[in-house]
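S.K.: Before we start, here is the structure in question, set down as C-alpha cells.
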Amino acid sequence: MAATLSPPRLLPSGDSAITVEFSRNIDDVANQRVLALDRTLARETIAGVTEAVPTYRSLLVHYDPVQIDFGTLGEKLLTLAQMPAPPAATTRRWRIPVVYGGEHGIDLEDVAKALNMTPDDIVARHVAGDYRVAMIGFTPGWSYLSGLPDSLRMPRRLNPRLLTPAGTISIGGVQAGVQCLAAPSGWHLLGRTAVRTYQLRRDPTFLLEPGDAVTFTAVDAKTFAEQDQAAERGEIVAELIAS
Amino acid sequence: MSKLVISAIGPASSVQDGGRHGAQRYGLTPSGAMDRLALAAANSLVGNAAFAAAIEIGPFRAAFTAREGAVRVALAGSPRNADISGRAVASDTSMTLADGETLTLGFARGGSFSYLAIEGGIAGEPMFGSLAVNARAGLGSPYPRPLQAGDELQTAAASGATERRIDLPPLSDGPIRVVMGPQDNEFGDAKELFLDSEWKISATSDRMGYRLEGPVIKHLHGHNIVTDGTVNGSIQVPGNGQPIVLMLDRGTSGGYPKIATVITADLGRFAQLPAGRGFRFKAVGMTEAQAEARKFWEMLRTLPDRVRPIENFDLNIEALQDANVAGAAVSAVDAGTWQIPSPADAQAHD
C-alpha cells in the first residue's frame, strides 16, 4: 500500500494519447485509482477520447487531437481523477480450474525447490490466494492479477521462453497471470486452465474485466481435457461464483 | 461478383484497413495499415471509404488476376514497377483488370509497402468492425493470416468508370519527428545520443515492431519498469539498448521504458523506410506534433479532392518516369518500345 496519495502525473504518449500515471510501482491503491478513473471516464464522456486502457499503475487515454488538445484533455483528466469515482457496479468473482504441475506446469517443481516447499505446498498457496484482475494486456485476454501470496514471490526467469502454451497459469515477481494465447513469457509456469479469456464468436468474447475477482481451483488432467473440449465448443468453463 | 486471385505474393502481405479499435483494454491491438495515407489514397482512387480494407503488399513481388469478371483496382504506396499483361501502369492510379488479366508488381523501390485497393472493397466478415489481419489473435477476414498464392478475394464487378490518378504532396525525406516520453526521464545523456545518431531499421522487423540498429541507449535505472500501455510509434528500449519502435500489431502493454513516440504525421513515412537505410529522429514539442496531426487528418479527409481523371498524356509520363527511376533506358519518343524492367530491380530494394 502506498503511504501517500499524490495527484497523477500526465505523461505524453505521442500526440494522440496521454498516460495518467498514479504510481511507478505495482500497488493496489494505485490500481484502484486507475480503475476508478477508468469508470469515471466511462460515465463523464469527454469528446475526442476514443479509448482508455487501464494498467497496474496508469490509465492510457487515447484521443483524437483534431477534437481536443493535450493541455485541455490533461486538465480535464486531472479534475476527473480528483472526483469520487462511481463504485464498481458489481465485483464479479470467478473460479478458474487449473491442472497443476507435470507437463501442464513445467516449472512447478523448480518453483517449489527455489522456495523450499513441496509442489503441493505451492499449489495449496496458489489456490488459497484471493486475486483481482489488475489489467489485461500484451496479447488478447492476458490477465495480470494482483493478490499473489507473499510466500510465492520469486524473480522472473533469466531467460524468457519464446513460447508458452495457451491457458498458461503462471507467476512472476509479485504478479500472477492467466494467459489465453500461446505467447513468449519470462514467468514461471505452474499449470494450465481450459478457460479461454478470449474466444472469438463466443458471447462474451472477453471473459474477464479489469477489477474482477479471481480464485483458482485444482483439477486433474482428465477434467482439464474434458473442460478443454467444452471450452473449444464455446462453453465458459470458469465458474461465476458471485456478482 | 468478381474475384481477385492472388497469383503470387511475398511475406508481409495481408488484408488491412483502418484497424479495430476499442478493445485495447482486453489486450487486443488495433492492427490496420502500416501507411494509412497510402491506404486512403488507394481507396479514394476507386471511390471506397478511406479506410476500407485493401491488400497491404510487402516489399517483394506480387501478382493478382481477375476472375469471373473484370476487377477495378488502384495502387498506392511504395514506388514499384507494375504492368498489366506487359502494359506499364503507374502507382497512384486506378486500373481495370479484364477477366483473366494479371497485374504484376515488382519489388518495392525505396519503400516497403504498397496498397492495392479494390473497387467495392473486399468481401469478408468484420471482427470488431475490421477485416484487418492480426494473425496472433486469429483475426482477419477472409483469411486470418497473411495472404498466400492461390487465395481469392471476392469483390464487386468493375464499374467501368474512367480511370483516375491522385496527386499527393511530395513526401518529406527529413528526420522522423518524435514527442519525447512517456519515460524519457529513465534516460540521461542517452537522450541526446538517441536524437543525435543515425539509425537503421533491422531486417528482423515486422508489423509488431521495427528494431533499430545504432548506438547502445543506456537506461539510468535498469530496463524493467512496471508494464504500462503502448501506442503506435512507441519507442521502447529493452535491456540491450537497441530501441524497438512499436508498430500496428504491437502488444497493448509493455514493460520496457519508452524514450519517445513517433508523431502521427510521420508514422506512415517511418513504416515505409526500407531496412538498412539510415535515418534520424528529431524531437518536436506537443503543440507542433498536434498541429501536424491535425494537418495529416485534414489531408487524409480531403484526399478525394486530389483525385482526377487520367488523360493519356498523364499515364504515359507517369509510366515513363517510373521506368526511368528504375534505371531502364526507354524511349520517350516511341512508347511502343517501352519495356518493363525485369525483376533485377530486386537490387533496388535498398
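S.K.: Taking the condition of being open to solvent by 10 Å² or more (accessible area, probe 1.4 Å) and either among the hydroxyl-bearing types (Ser, Thr, Tyr) or farther than 13 Å from B:ASP173 by Cβ (or both), how many residues in the range B:268-280 meet it?
M.R.: Of the residues in that region, 3 qualify.
S.K.: Here's a follow-up. Do you know which residues across the range B:274-309 are farther than 28 Å from B:PHE194 by Cα and β-branched (Val, Ile, Thr)?
M.R.: Those that are farther than 28 Å from B:PHE194 by Cα and β-branched (Val, Ile, Thr): B:THR302, B:VAL307.
S.K.: Considering each of A:THR217, A:THR139, A:THR223 in turn, give the residue that is polar (S, T, N, Q) and assigned to a loop (DSSP other than H, G, I, E, B). Show your work before the answer.
M.R.: Details: A:THR217 fails: assigned to a loop (DSSP other than H, G, I, E, B); A:THR223 fails: assigned to a loop (DSSP other than H, G, I, E, B).
Being polar (S, T, N, Q) and assigned to a loop (DSSP other than H, G, I, E, B) holds for just one of A:THR217, A:THR139, A:THR223, which is A:THR139.
S.K.: Looking only at the range B:63-80, which residues are part of a strand (DSSP E or B), open to solvent by 20 Å² or more (accessible area, probe 1.4 Å) and in contact with a helix residue (DSSP H, G or I) (Cβ under 7 Å, 6 or more places away or on another chain)?
M.R.: We begin by selecting, within the range B:63-80, every residue part of a strand (DSSP E or B); these are B:63-67, B:71-77.
If we keep only those that are open to solvent by 20 Å² or more (accessible area, probe 1.4 Å) too, we end up with B:67, B:77.
The answer is B:GLY77, and nothing else.
S.K.: Right, next: Which residues, taken from the range B:261-284, are in a strand (DSSP E or B), within 24 Å of B:ALA23 (Cα to Cα) and touching a Phe, Trp or Tyr at 6+ places or on another chain (Cβ under 9 Å)?
M.R.: Filtering the range B:261-284 for residues in a strand (DSSP E or B) gives B:261-262, B:278-279, B:281-283.
Next, from what is left, pick out any that are within 24 Å of B:ALA23 (Cα to Cα): B:261-262.
Result: B:VAL262, single match.
S.K.: Does the range A:38-61 hold any residues that are at pLDDT below 95 and of a type in the set (Gly, Ala, Ser), and which are they?
M.R.: A:ALA42
S.K.: Here is a follow-up. Quick test for you: out of A:LEU115, A:LEU152, A:LEU108, A:LEU145, pick the one residue that is under 30 Å from B:LEU248 (Cβ atoms) and modelled with pLDDT of 95 or more.
M.R.: Details: A:LEU115 fails: under 30 Å from B:LEU248 (Cβ atoms); A:LEU152 fails: under 30 Å from B:LEU248 (Cβ atoms); A:LEU108 fails: under 30 Å from B:LEU248 (Cβ atoms).
That would be A:LEU145, the only listed residue that is under 30 Å from B:LEU248 (Cβ atoms) and modelled with pLDDT of 95 or more.
S.K.: For the range A:126-156, give me each residue that is touching an Asp or Glu at 6+ places or on another chain (Cβ under 8 Å) and surrounded by fewer than 24 Cβ atoms within 10 Å (Cβ to Cβ).
M.R.: Those that are touching an Asp or Glu at 6+ places or on another chain (Cβ under 8 Å) and surrounded by fewer than 24 Cβ atoms within 10 Å (Cβ to Cβ): A:ARG132, A:SER146, A:GLY147.
Here is a yes/no grid of residues against (1) closer than 15 Å to A:VAL237 by Cβ; (2) more than 14 Å from every other protein chain (Cβ to nearest Cβ); (3) out of contact with any Pro (no Cβ under 6 Å at 6 or more places or on another chain):
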| site | (1), (2), (3) |
| --- | --- |
| A:VAL127 | no, yes, yes |
| A:ARG132 | no, yes, yes |
| A:LEU148 | no, yes, yes |
| A:GLY172 | no, no, yes |
| A:ASP203 | yes, no, yes |
| A:PRO210 | no, no, no |
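S.K.: Give B:GLY241, B:GLY222 a once-over and let me know the one that is more than 14 Å from chain A (Cβ to nearest Cβ), within 23 Å of A:LEU158 (Cα to Cα) and assigned to a loop (DSSP other than H, G, I, E, B). Quick ask: steps written out before the conclusion?
M.R.: On the way: B:GLY222 fails: more than 14 Å from chain A (Cβ to nearest Cβ).
Criteria check complete, one pass: B:GLY241.
S.K.: Here's a follow-up. Quick one: would you say B:ILE176 is open to solvent by less than 60 Å² (accessible area, probe 1.4 Å), within 14 Å of another protein chain (Cβ to nearest Cβ) and modelled with pLDDT of 95 or more?
M.R.: Working: open to solvent by less than 60 Å² (accessible area, probe 1.4 Å): yes; within 14 Å of another protein chain (Cβ to nearest Cβ): yes; modelled with pLDDT of 95 or more: yes.
Considered against the rule, which asks whether it is open to solvent by less than 60 Å² (accessible area, probe 1.4 Å), within 14 Å of another protein chain (Cβ to nearest Cβ) and modelled with pLDDT of 95 or more, B:ILE176 comes out as yes.
S.K.: Now for a separate question. Identify all residues within the range A:43-70 that are aliphatic (A, V, I, L, M), more than 23 Å from A:PRO140 (Cα to Cα) and either open to solvent by less than 40 Å² (accessible area, probe 1.4 Å) or within 12 Å of chain B (Cβ to nearest Cβ) (or both); write none if there are none. Write out each step before concluding.
M.R.: First, the residues of the range A:43-70 that are aliphatic (A, V, I, L, M): A:46-47, A:49, A:52-53, A:59-61, A:66, A:68.
Among the residues that remain, those that are also more than 23 Å from A:PRO140 (Cα to Cα) are: A:46-47, A:66, A:68.
Selection gives A:ILE46, A:VAL66, A:ILE68.
S.K.: Which of (1) within 14 Å of chain A (Cβ to nearest Cβ); (2) farther than 25 Å from B:ALA293 by Cβ does B:GLN148 not meet, given it meets every other one?
M.R.: (1)
S.K.: Quick test for you: out of A:THR40, A:THR118, pick the one residue that is among the hydroxyl-bearing types (Ser, Thr, Tyr), open to solvent by less than 60 Å² (accessible area, probe 1.4 Å) and more than 10 Å from chain B (Cβ to nearest Cβ).
M.R.: On the way: A:THR118 fails: open to solvent by less than 60 Å² (accessible area, probe 1.4 Å).
When all the criteria are applied, what remains is A:THR40.
S.K.: Quick one: would you say B:GLY233 is on the phi > 0 side of the Ramachandran plot, more than 11 Å from chain A (Cβ to nearest Cβ) and either at pLDDT below 95 or open to solvent by less than 10 Å² (accessible area, probe 1.4 Å) (or both)? Lay out the reasoning, then the answer.
M.R.: Working: on the phi > 0 side of the Ramachandran plot: yes; more than 11 Å from chain A (Cβ to nearest Cβ): no; either at pLDDT below 95 or open to solvent by less than 10 Å² (accessible area, probe 1.4 Å) (or both): yes.
When the stated conditions are applied, B:GLY233 does not pass them.
The values are calculated or read from the model by the stated rules, or taken from the named source; none is laboratory data. In this text the structure is predicted, and so the values were computed from the model without any measurement. Heads up, the Cβs are rebuilt from the backbone with ideal geometry, glycines too, and the neighbour counts pull from every protein chain shown. The area values use the complete protein model at the heavy-atom level, side chains included, leaving out ligands, DNA and RNA. Shrake-Rupley method; radii C 1.70, N 1.55, O 1.52, S 1.80 Å.
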